[in-house]
1. Looking at Leu95, is it under 30 Å from Gly28 (Cβ atoms), at pLDDT 80 or above and open to solvent by 40 Å² or more (accessible area, probe 1.4 Å)?
2. Considering each of Gly15, Gly28, Gly64 in turn, give the residue that is over 21 Å from Gly100 (Cα atoms), small (Gly, Ala, Ser) and either in the same structural domain as Gly104 (by the TED database) or open to solvent by less than 70 Å² (accessible area, probe 1.4 Å) (or both).
3. Pairs under 8 Å by beta carbon, first residue in a helix (DSSP H, G or I) and at pLDDT below 85 in segment 64-91, partner surrounded by 12 or more Cβ atoms within 10 Å (Cβ to Cβ) and not hydrophobic (A, V, I, L, M, F, W, C), six or more apart or different chains?
4. Within segment 150-172, is even one residue more than 15 Å from Gly97 (Cα to Cα) and either outside any helix (DSSP H, G or I) or of a type in the set (Val, Ile, Thr) (or both)?
5. Output the qualifying pairs, or none if there are none: Cβ atoms under 7 angstrom, residues six or more apart or on different chains, first residue in segment 92-112 and without any contact (Cβ under 8 Å) to a residue 12 or more places away in the chain, second residue open to solvent by less than 60 Å² (accessible area, probe 1.4 Å) and in a helix (DSSP H, G or I).
6. Is it the case, given these coordinates, that Phe150 is more than 18 Å from the chain's Cα centre (by Cα), open to solvent by less than 80 Å² (accessible area, probe 1.4 Å) and among the aromatic types (Phe, Trp, Tyr)?
7. Mind checking which pairs have a first residue in segment 34-57 that is in the same structural domain as Cys19 (by the TED database) and a second that is open to solvent by 80 Å² or more (accessible area, probe 1.4 Å), Cβ under 7 Å, 6 or more apart or different chains?
8. Would you please list the contacts, defined by Cβ atoms under 6 Å and residues six or more apart or on different chains, that run from a residue in segment 1-27 that is part of a helix (DSSP H, G or I) to a residue that is not aliphatic (A, V, I, L, M)?
Amino acid sequence: DLNLYYVVLAIFVIGFAICWRTINSPFGQVLKAIRENEPRAISLGYNVDNFKLLVFVLSAALAGLAGATKALVFVSATLSDATWQMSGMVILMTLIGGLGTFTGPVLGAFIVVMLENKVGEFGRFLSNATGVQWFQVLGESVTIVIGLIFIICVMAFRRGIVGELIYRFKSKKA
C-alpha cells in the first residue's frame, strides 16, 4: 500500500507539473488569449483550431492518466464515474477550492474526499460527546452535509477558499 501511495503521489506531481508548465508557457499564454478574445487571437495570426485541438488532446491524456491511476488503485474499472453525479462532484470541488485558481481544485478535492470519509466518524464523536443521538445519523447523510458545506462556501467564500485567501492577501498589500 505504501509503494502504491508513492506511485500515485508521483503521478499526481507529474500531472500537476505538466499543468503548471502548460499554463506558464507561451502555449498557455496563447490559450489564455483565445479564452479572453478569440477573434483577436485569430487576427494575431494564431491557428486557433490547432491550439484548441492540442489542449483537448492534453486534457484527454491527463484525464486518461487519472482514470488509469484510479483503476490501478481500486483494481477495477466501473462505470460509476461516468454519471452526472461525478461531474457535479468535480464542479463542487472546483467551486469550494476556488474557480480560476491553480491549487483551488486540489484543495476542494481534498476537502470533499475528507468529508466523504470522515463525516461518519465525526458524527459518532459528536454523538458520544454531546449525548445527542441525531449526530449518529450524520454518517448516513454525507450528501446533505456536503451540500450544506457547499452552500456555506458559496455564501461566505464567493471566490472559493483559495481565491478568497488570494484576494484577502492582495488587498492587504495594496
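The values are calculated or read from the model by the stated rules, or taken from the named source; none is laboratory data. Quantities reported herein were computed from a predicted structural model and do not represent experimental measurements. Using ideal geometry, Cβ is built from the backbone for each residue, glycine included, and neighbour counts are taken over all protein chains shown. To get the accessible areas, we keep the full protein, side chains included, count just its heavy atoms, and leave off ligands, DNA and RNA. Shrake-Rupley method; radii C 1.70, N 1.55, O 1.52, S 1.80 Å.
1. When the stated conditions are applied, Leu95 passes them.
2. From the options Gly15, Gly28, Gly64, the qualifying one is Gly64.
3. Asp81/Gly67; Asp81/Lys70
4. no
5. The qualifying pairs do not exist here.
6. no
7. Once the first residue is in the same structural domain as Cys19 (by the TED database) and sits in segment 34-57, its partners that are open to solvent by 80 Å² or more (accessible area, probe 1.4 Å) give Val48/Ile42.
8. Val8/Thr69; Ile11/Thr69; Thr22/Gly28
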